[in-house]
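S.K.: Just passing along the structure, written as structure tokens.
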Amino acid sequence: MVEKMPKVVGEIMSSPVVTAKPQASVREVLELMEGKYIGAVIIVSEDGRPVGILTERDIIRLFLVKGDKILNSPVSEVMSKPLVTCSPKTPIAEALRVMHTNNIRRLPVVDGDKLVGIVTQRDITYWTLTLIGYQALRISELKEAEENLE
């Protein structure tokens with residue numbers, strides 16, 4: 001018998017989340033991304049509330065428009081805000097709809113004001129492929145059970 005498939009974001013999100021403070025420079029955040037092999041950093045206030053996001057795509061756009069002088073700017077001046085978020089209880093399909101509607105690839109997961117994780121399009125793609133495999137296995141199990149009844 002196959003295991004129960006995840007249904008909500010809290011079951012597939014990544015945690016803990018890499019964060020930076022608003023006063024950090026774009027260069028510092030870029031180095032953090034490079035060092036952690038990630039494509040985005042969530043910007044959090046002094047009390048830990050998520051207030052923005054800076055992604056690799058944002059940095060490339062900024063660099064093309066403003067050149068390397070952007071690297072010394074504080075992320076608070078260039079981060080994407082307001083932050084689009086979801087809850088750990090958000091259905092995975094709803095999280096994907098939110099990403100599509102807002103043209104984003106990463107969705108911070110919050111419980112109240114507390115950042116508890118992040119879910120990405122890649123996470124959801126993996127979940128979708130796993131779901132397809134789960135369904136194929138379930139069909140196979142049902143066929144086998146039916147054959148055993150005959």
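The values are calculated or read from the model by the stated rules, or taken from the named source; none is laboratory data. Everything numeric here is computed off the predicted structure, so don't read it as measured data. Cβ atoms come from the backbone with ideal geometry, glycine included; neighbour counts cover every protein chain shown.
S.K.: Go through (1) exposed (fewer than 13 other Cβ atoms within 10 Å of the Cβ); (2) without any contact (Cβ under 8 Å) to a residue 12 or more places away in the chain one by one and return the number of the condition LYS114 breaks.
M.R.: In the conditions (1) exposed (fewer than 13 other Cβ atoms within 10 Å of the Cβ); (2) without any contact (Cβ under 8 Å) to a residue 12 or more places away in the chain, LYS114 misses (2) alone.
Yes or no, residue by residue, for (1) in contact with a helix residue (DSSP H, G or I) (Cβ under 9 Å, 6 or more places away or on another chain); (2) among the polar types (S, T, N, Q); (3) in a helix (DSSP H, G or I):
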| residue | (1), (2), (3) |
| --- | --- |
| PRO6 | yes, no, no |
| PRO22 | yes, no, no |
| LEU32 | no, no, yes |
| ILE53 | no, no, no |
| ARG57 | no, no, yes |
| ARG61 | no, no, yes |
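S.K.: So if I check each of SER76, SER140, SER87, SER80, which one is surrounded by fewer than 13 Cβ atoms within 10 Å (Cβ to Cβ) and either within 27 Å of SER25 (Cβ to Cβ) or out of contact with any Leu (no Cβ under 7 Å at 6 or more places or on another chain) (or both)? Spell out the reasoning first.
M.R.: Details: SER76 fails: surrounded by fewer than 13 Cβ atoms within 10 Å (Cβ to Cβ); SER87 fails: surrounded by fewer than 13 Cβ atoms within 10 Å (Cβ to Cβ); SER80 fails: surrounded by fewer than 13 Cβ atoms within 10 Å (Cβ to Cβ).
Checking each option against the conditions leaves just SER140.
S.K.: Let me ask something additional. Taking ASP47, is it in a helix (DSSP H, G or I), on the phi < 0 side of the Ramachandran plot and either exposed (fewer than 12 other Cβ atoms within 10 Å of the Cβ) or modelled with pLDDT under 95 (or both)?
M.R.: no
S.K.: While we're here: Of the residues LYS69, LYS7, which is modelled with pLDDT under 95, within 30 Å of SER140 (Cβ to Cβ) and out of contact with any Cys (no Cβ under 7 Å at 6 or more places or on another chain)?
M.R.: Exactly one of LYS69, LYS7 is modelled with pLDDT under 95, within 30 Å of SER140 (Cβ to Cβ) and out of contact with any Cys (no Cβ under 7 Å at 6 or more places or on another chain), namely LYS7.
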